[in-house]
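Student: One structure follows; several queries about it will come next.
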Amino acid sequence: MSNPVRLPLPPSLYADTAVAPTPTPALDTDTTVSVAIIGGGFTGLSTALHLAEQRVDTIVLETQEPGWGASGNNGGHINPGLKHDPDQIEADFGADLGGRMIAFAYGTTNFTLDLISRYQIPCEARQNGTLRAAYTAASAATVAATAEQCIRRGMPVALLDRAALREMTGTDRYLCAMFDRRGGDLHPLSYARGLARAAMSAGAAVHGDTPALSLTRDGTRWRIETPRAIVFAEKVLIATNGFTGDLVPGLRRSIVPVFSSIAATAPLPDDVIREIMPTRSVLYESGHITVYYRIDQHNRLLMGGRGPMRWIRQASDVSYLMRYAERLWPRLKGASWTHGWNSRLAITADHYPHVHEPAANLLISLGCNGRGVALSTAMGQQLARRLVGGADAAIDMPITAIKPMAFHAFWPIGVTAAVLAGRIRDRLGF
């Protein structure tokens with residue numbers, strides 16, 4: 001077996017400012033456990049924590065280090081809900097499961113913030129609300145419909161008009177927005193490292209530099225080969241999301257790994273900050289191509305969106321985000337942009353999270369579709385319930401078959417074309 005070389009973290013603002021990691025040395029001794037988790041992002045770490053709380057012998061195997069992927073490199077938004085509206089979810093899955101999915105998904109932000117508080121994870125977490133904003137008539141109608149459905153179900157949301165948004169965002173760009181008080185933000189890499197620390201303190205083992213090279217049956221157990229050791233596990237969870245490989249046939253081709261990019265400014269003067277998101281709510285735009293942003297606790301503006309389908313290393317690699325920020329707030333012209341970075345997240349064809357059980361005692365969870373911080377954290381409790389209780393333990397997400405996408409090999413071309421088409425449609429107001 002060859003020894004892997006740990007890749008450095010993407011050159012992000014988070015890498016420069018996160019809390020120090022807890023050591024997660026490579027696994028170098030064969031071991032037998034009750035549950036092995038492949039993937040050390042939010043889903044894997046949260047599941048490990050919830051299993052360890054129940055005294056289940058658990059190990060996490062991570063190719064790099066906890067939080068190396070999109071978990072530690074996302075926009076830092078703690079957003080409730082799923083991609084689809086509540087009415088659509090109930091239409092797709094029925095009143096029972098659909099209703100449970102809605103209650104679960106819109107409760108994920110409170111779940112996440114409660115977990116952070118319970119374990120005292122230092123990650124700059126705040127509950128300042130989420131704005132889903134519209135700047136075209138078509139997207140305004142969509143946002144208004146979503147707000148109506150949420151209000152009808154008694155959720156703490158409000159539909160804000162242009163004047164209210166001008167006060168909250170300092171720009172005249174938006175026609176309306178749905179404001180959900182349950183949303184917020186955090187420092188994602190600090191959070192990932194805090195989750196790893198919490199899971200280990202509860203009794204889970206977490207090993208970086210330990211990719212799973214193969215997954216096979218060994219009698220009644222699963223056998224996972226890593227570069228330096230073999231893991232035998234009664235049950236396995238795969239939680240590799242945008243970095244999913246070929247451990248399970250067809251799984252890699254069931255999602256599209258899409259790069260999401262972020263650019264960050266140096267700390268901005270207080271008088272500028274008072275004009276930009278003074279309430280510190282996070283905002284994401286309703287459109288074909290989403291742009292999202294927030295002001296962090298140190299007065300930095302973080303602007304995110306779809307960028308190149310390749311790794312980037314500096315803000316100039318996503319200069320369109322910088323130009324867009326200046327369009328929203330002309331006072332930002334000449335501002336210093338200190339960081340630009342990205343990572344891969346997983347998009348599913350139906351834009352729902354996917355949970356699979358392709359074999360006995362093998363569970364898979366991936367495809368947060370941009371809702372990863374809160375959704376994947378709360379999924380950890382759900383997945384732990386299923387791993388402990390087996391097929392009789394119902395969870396609040398559907399368990400579906402793996403469905404590989406046709407022509408998956410062409411996804412980089414398809415994504416690039418879709419981004420271009422989406423930007424054109426947004427500019428034309430369709």
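Student: Tell me what the chain gives for mean residue ellipticity at 222 nm when only DSSP H runs of n ≥ 4 count, each as -39,500 (n - 2.57), the sum divided by the residue total, rounded to 500 deg cm²/dmol.
Tutor: Helices in the chain give a 222 nm mean residue ellipticity of -9500 deg cm²/dmol.
Student: Okay, next question. For ALA406 and ASP246, what is the calculated FRET efficiency with R₀ set at 22 Å and r taken between the beta-carbons, to the nearest 0.05?
Tutor: The computed FRET efficiency comes out at 0.80.
Student: OK, next. How would the range 174-303 be classified by its alpha-carbon gyration tensor: rounded, prolate or oblate, with rounded meaning a/c under 1.5 and the a/b versus b/c comparison settling the rest?
Tutor: prolate
Student: Here is a follow-up. Can you match mean projected area of the Cα convex hull in nm² to one of these, (1) 21.6; (2) 19.5; (3) 20.5, based on a calculation from the structure here?
Tutor: Checking each listed value against the structure points to (2).
Student: Using the alpha-carbon atoms, what tilt in degrees (0 to 90, nearest 10) does helix 372-389 show relative to the longest principal axis of the chain?
Tutor: 30
Student: What's the angle, to the nearest 10 degrees (0 to 90), between helix 95-105's Cα axis and the longest principal axis of the chain?
Tutor: Roughly 80 degrees, rounded to the nearest 10.
Student: Next question. Could you tell me whether the range 78-158 comes out rounded, prolate or oblate from its Cα gyration tensor? Rule is a ≥ b ≥ c as square roots of the eigenvalues, rounded for a/c under 1.5, then prolate if a/b exceeds b/c, otherwise oblate.
Tutor: oblate
Student: Residue-wise, which Karplus ³J(HN,Hα) couplings in Hz belong to the range 132-149, taking 6.51 cos²θ - 1.76 cosθ + 1.60, θ = phi - 60°, and x for glycine or proline?
Tutor: Per residue, the Karplus-derived 3J(HN,Hα) values read 9, 9, 10, 10, 10, 4, 5, 6, 5, 5, 5, 5, 5, 5, 4, 4, 4, 5 Hz.
Student: With charges only on Cβ, +1 for K and R and -1 for D and E, what is the dipole size of the chain about its Cα centre, in debye, rounded to 20?
Tutor: 720
Student: With an 8 Å cut-off on Cα pairs and a minimum separation of 6 or more residues, tell me the relative contact order of the chain in percent.
Tutor: Once divided by the residue count of the chain, the mean separation gives 24 percent.
Student: Nearest 10 degrees is fine. How inclined is helix 108-118 to the longest principal axis of the chain, computing both from alpha carbons?
Tutor: 70
Student: Next question. Can you tell me which aspartates and glutamates have their Cα less than 18 Å from the Cα of LYS403? Leave out same-chain residues fewer than eight positions away.
Tutor: Excluding near neighbours in sequence, the set is ASP92, ASP246, ASP350, GLU357.
Student: Could you calculate the contour length gain from ALA349 to SER214, that is, 0.36 nm times the residue separation minus the distance between their Cα atoms, to one decimal place in nm?
Tutor: Working it through step by step, the gained length comes to 46.0 nm.
Student: Let me ask another. Work through the residues other than ASN342 whose Cβ is under 10 Å from its Cβ and net out their charges, Lys, Arg +1 and Asp, Glu -1.
Tutor: So the surrounding residues net to +3.
Student: Using a 7 Å offset from the Cα along the Cα-to-Cβ direction at both THR279 and PHE232, what is the distance between the two label points in nm, to one decimal?
Tutor: It is 5.8 nm.
Student: For labels at ALA95 and SER34 in the simple 7 Å Cα→Cβ model, what's the distance in nm?
Tutor: According to this spin-label approximation, the distance is 3.8 nm.
Student: How far apart, in nm, are the 7 Å Cα→Cβ label points at GLN88 and ALA103?
Tutor: Distance between the two pseudo-spin positions: 2.3 nm.
Student: To continue, here is another question. In nm, what is the difference between 0.36 nm times the number of residues separating ARG327 and ALA20 and their Cα-Cα distance?
Tutor: 106.9 nm
Student: Find the Cα radius of gyration of the range 54-202, compare it with 2.2 N^0.38 Å by division, and give the number to two decimals.
Tutor: Normalised by 2.2 N^0.38 Å, the Cα Rg of the range 54-202 equals 1.21.
Student: If I histogram all Cα-Cα distances within the range 287-337 using bins 5 Å wide from 0, what percent of pairs lands in each bin?
Tutor: In order of increasing distance, the bins hold 4, 17, 30, 26, 16, 6, 0 percent.
Student: Taking one equal scatterer on every alpha-carbon of the range 133-245, how large is log10 of I(q)/I(0) by Debye at q = 0.13, 0.14, 0.21 1/Å?
Tutor: -0.75, -0.78, -1.16
Student: Another question, if that's okay. Return the FRET efficiency for the residue pair ALA145, ARG313: r is the Cβ-Cβ distance, R0 is 30 Å, and the value is rounded to the nearest 0.05.
Tutor: Efficiency, from the Cβ-Cβ distance: 0.15.
A short reminder: the numbers here are calculations on the coordinates, not readings from a lab. Quantities reported herein were computed from a predicted structural model and do not represent experimental measurements. Cβ sites come from the backbone with ideal geometry, for glycine too, and all protein chains shown count toward neighbours.
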